[in-house]
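Report on the following structure.
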Amino acid sequence: MTVTGLQLQEYLAGLDYPVSREDLFRWAQENGASTVLLQMVQALPAEQFESPDELAAALTTLS
């Protein structure tokens, strides 16, 4: 199962940047993210993301 760009936008809407991977995981979990998305967040290489574009780029390299 893959995560679509629309699903990413849905789960990440309203995030304040910069955001840490830990805060991102918590945010996704609290907003009902799928197990696949939560696993993707845990697998992110960076500890912190400065912008939505930086985060989106990191997530797309994992899918």
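The values are calculated or read from the model by the stated rules, or taken from the named source; none is laboratory data. From a predicted model like this one, the values you see are computed outputs, not experimental measurements. Counting neighbours? That spans all protein chains shown, and the Cβs are built from the backbone with ideal geometry, glycine included.
Could we say that residue 57 is at pLDDT 85 or above and either surrounded by 12 or more Cβ atoms within 10 Å (Cβ to Cβ) or of a type in the set (A, V, I, L, M, F, W, C) (or both) here? So residue 57 fails the test. Scanning the range 44-54 for residues that are modelled with pLDDT of 85 or more and surrounded by 12 or more Cβ atoms within 10 Å (Cβ to Cβ) gives 44, 48, 49, 54. Report, by residue number, each residue of the range 6-20 that is of a type in the set (A, V, I, L, M, F, W, C), surrounded by fewer than 15 Cβ atoms within 10 Å (Cβ to Cβ) and either part of a helix (DSSP H, G or I) or at pLDDT 90 or above (or both). Passing the criteria: only 6. Of all the residues in the range 27-47, those that are farther than 15 Å from residue 9 by Cα, under 11 Å from the mean Cα position of the chain (by Cα) and not aliphatic (A, V, I, L, M) number 2. For the range 21-38, a tally of residues being surrounded by 13 or more Cβ atoms within 10 Å (Cβ to Cβ), polar (S, T, N, Q) and not in a loop (DSSP other than H, G, I, E, B) returns 1.
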